[in-house]
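Asker: I'd like to ask some things about the structure below.
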């Protein structure tokens with residue numbers, strides 16, 4: 001299945017939670033989910049009973065859409081998480097959070113992961129001084145991630161940096177907002193990653 005490119009606010013209304021996909025509208029409380037906190041469509045306000053499989057599938061879809069991955073990419077990442085020692089669910093979140101596009105978002109260089117992925121693919125991001133245009137690149141502890149000098153005046157980047165006080169910078173990165181660069185100081189601990197996803201249910205889904 002290809003990466004989702006449809007209306008993102010419909011997704012948030014369907015799942016009933018913010019997936020951090022609308023940037024400033026979300027911060028200003030103007031997202032569709034804030035105005036209409038129920039599923040889209042004619043029968044959106046009806047209560048429906050969901051099966052166990054449906055609940056597990058919903059958790060996987062939330063994670064997949066939030067981080068902007070295709071089904072193939074997500075499954076591949078899950079296999080890597082299962083292969084590693086330790087808790088598979090925690091490993092999965094760790095791998096998702098250390099993707100370059102997500103690190104760029106966590107450092108406050110973009111208001112959404114979708115825009116951070118654009119910054120990476122269009123060559124606006126450097127890792128340890130070298131251009132890196134692969135969003136799925138796994139950033140390693142100690143690496144420096146920065147916005148290319150010519151791209152620091154990009155209006156969307158400038159606005160994102162202005163909003164970092166509202167969005168907050170993740171505690172596992174150290175960012176110099178004025179110079180638009182940051183260091184990935186450590187791996188995020190699961191309890192620090194505030195996302196509306198229960199990875200345990202994803203593990204159960206893939207374990208069937």
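The values are calculated or read from the model by the stated rules, or taken from the named source; none is laboratory data. As the structure is a computational prediction, the values presented were derived from the model and not from experiment. Every residue, glycine as well, gets a Cβ built from its backbone with ideal geometry; the counts of neighbours run over all protein chains shown.
Asker: Within the range 85-104, can one find any residue that is at pLDDT 70 or above, in the same structural domain as residue 155 (by TED's automatic domain parsing) and farther than 23 Å from residue 199 by Cα?
Answerer: No - not one qualifying residue is present in the range 85-104.
Asker: Quick one: is residue 74 assigned to a helix (DSSP H, G or I), modelled with pLDDT of 95 or more and under 17 Å from the mean Cα position of the chain (by Cα)?
Answerer: Yes.
Asker: Could you check, for the range 129-139, whether at least one of its residues is farther than 23 Å from residue 70 by Cα, over 15 Å from the mean Cα position of the chain (by Cα), in the same structural domain as residue 159 (by TED's automatic domain parsing) and surrounded by 18 or more Cβ atoms within 10 Å (Cβ to Cβ)?
Answerer: For the range 129-139, residues farther than 23 Å from residue 70 by Cα, over 15 Å from the mean Cα position of the chain (by Cα), in the same structural domain as residue 159 (by TED's automatic domain parsing) and surrounded by 18 or more Cβ atoms within 10 Å (Cβ to Cβ): absent.
Asker: Could you grab me the full set of residues in the range 87-111 that are surrounded by fewer than 22 Cβ atoms within 10 Å (Cβ to Cβ) and part of a loop (DSSP other than H, G, I, E, B)?
Answerer: Listed by number, the residues that qualify are 87, 98.
Asker: Can I ask one more? Which members of the range 117-128 meet the condition of being crowded, with 18+ Cβ neighbours inside 10 Å and over 17 Å from residue 179 (Cα atoms)?
Answerer: 117, 120
Asker: In addition: Across the range 112-128, which residue is farthest from the chain's Cα centre (by Cα) among those that are modelled with pLDDT of 95 or more and not in a helix (DSSP H, G or I)?
Answerer: Here the residue is 128.
Asker: I would also like to ask the following. Among the residues of the range 155-172, what is the count of those that are buried (at least 17 other Cβ atoms within 10 Å of the Cβ) and not in a helix (DSSP H, G or I)?
Answerer: Of the residues in the range 155-172, 2 are buried (at least 17 other Cβ atoms within 10 Å of the Cβ) and not in a helix (DSSP H, G or I).
Asker: Answer yes or no as to whether residue 108 is at pLDDT 95 or above, at positive phi, touching a helix residue (DSSP H, G or I) at 6+ places or on another chain (Cβ under 9 Å) and assigned by TED's automatic domain parsing to the domain that holds residue 144.
Answerer: No; evaluated as a whole, the condition is false for this residue.
Asker: For the range 173-207, what are the residues that are free of Cβ contacts under 8 Å to residues at least 24 places away in the same chain and either farther than 17 Å from residue 111 by Cα or surrounded by 15 or more Cβ atoms within 10 Å (Cβ to Cβ) (or both)?
Answerer: Passing the criteria: 174, 189, 191, 192, 207.
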